[in-house]
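Input: a single structure, listed below in structure tokens.
The values are calculated or read from the model by the stated rules, or taken from the named source; none is laboratory data. Bear in mind the structure is a predicted one, so any value in this text is a computation, not a measurement. Heads up, the Cβs are rebuilt from the backbone with ideal geometry, glycines too, and the neighbour counts pull from every protein chain shown. Note: accessible area is taken over every heavy atom of the protein model, side chains too, but ligands, DNA and RNA are not part of it. Shrake-Rupley method; radii C 1.70, N 1.55, O 1.52, S 1.80 Å.
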Amino acid sequence: NAGVMQNPRHLVRRRGQEARLRCSPMKGHSHVYWYRQLPEEGLKFMVYLQKENIIDESGMPKERFSAEFPKEGPSILRIQQVVRGDSAAYFCASYEDQGGTEAFFGQGTRLTVV
Amino acid sequence: DQQVKQNSPSLSVQEGRISILNCDYTNSMFDYFLWYKKYPAEGPTFLISISSIKDKNEDGRFTVFLNKSAKHLSLHIVPSQPGDSAVYFCAASVAGGTSYGKLTFGQGTILTVHP
């Protein structure tokens, strides 16, 4: 049973470009959470999605950031017109469908904006 | 507004001794607490958790203690091993509600276990 898969592992973007981060949850998991970790800080919640629905986006910046989790395929975190302050590690976590209490994290995508 | 705090950025321990990592929280709605371990360039890995109805949970070398009145929890690792060297994150959640898996993390504590 493969774990939570994130790609790419590393992403370099110039200021103003778009960044797309992908997350495939564990098999049987339809709950996906995205977190961001800035340097020297803990992980901060961004958004919670279930298949085709955004459940809680209270941690998402209001502009430039969006997330989706389509019926087929991975969850996507999209950052438009990236700025240097977006440089961070982005992690996704998934939960089992029966309401498990443990989140399984992917290895993260390290975004660097130059 | 840091609702979960780990006030020790780092901890250094000798192999075989006990490591004690501490965590404080301010939100009284939190009722489920977890510890995660993280190596560089990897995602967090779940270690152990505790519900607010308990004050202690053990799993092998790892024990988590919860003091609800003090809003404090701690992770004990006995005996510590060099392979335990990593960043440890405390996290909290509200088990009920629509976002039950939404975790609030502390800043992390870097544990170094010396041979």
| said: I'd like to check one number: the per residue accessible area of chain A, probe 1.4 Å, reported in Å² as a whole number. | reply: 51 Å²
| In peptide A:31-37, what is the residue-averaged number of other protein chain Cβ atoms found within 10 Å of each Cβ? | 3
| request: Within the set of other residues whose C-beta is less than 13 Å from the C-beta of A:GLU41, count the net charge using Lys and Arg as +1 and Asp and Glu as -1. | output: +3
| query | Expressed as a rounded percentage, what relative contact order does chain A have, with Cα pairs under 8 Å and six or more residues apart? | reply | 37 percent
| note | Taking every DSSP bridge whose two residues both lie in chain A, the antiparallel percent to the nearest 5 is 90 percent
| request: Distance check, please: which entries in A:LYS51/B:LYS54; A:LYS27/A:LYS51; A:LYS62/B:LYS37; A:LYS51/B:LYS102 exceed 23 angstrom between their Cα atoms? | output: A:LYS51/B:LYS54; A:LYS62/B:LYS37
| message | Using a 7 Å offset from the Cα along the Cα-to-Cβ direction at both B:SER69 and A:GLU72, what is the distance between the two label points in nm, to one decimal? | response | 5.9 nm
| the stretch A:41-59 residues near the modelled B:MET29 label - backbone nitrogen below 20 Å, point 7 Å along Cα→Cβ | A:43-50, A:54-59
| task | Could you tell me the accessible area of B:LYS102 in Å² (1.4 Å probe, neighbours in place), rounded to the nearest ten? | result | 60 Å²
| remark: Dividing the mean separation of Cα pairs under 8 Å (6+ apart) by the residue count of the stretch B:16-112 yields a relative contact order in percent of 32 percent
| task | Only counting protein heavy atoms at a 1.4 Å probe, give the residues of the stretch B:5-45, ordered by number, whose accessible area falls by 10 Å² or more when the other protein chains are present relative to the chain alone. | result | B:TYR32, B:LEU34, B:TYR36, B:LYS38, B:ALA41, B:GLU42, B:GLY43, B:PRO44
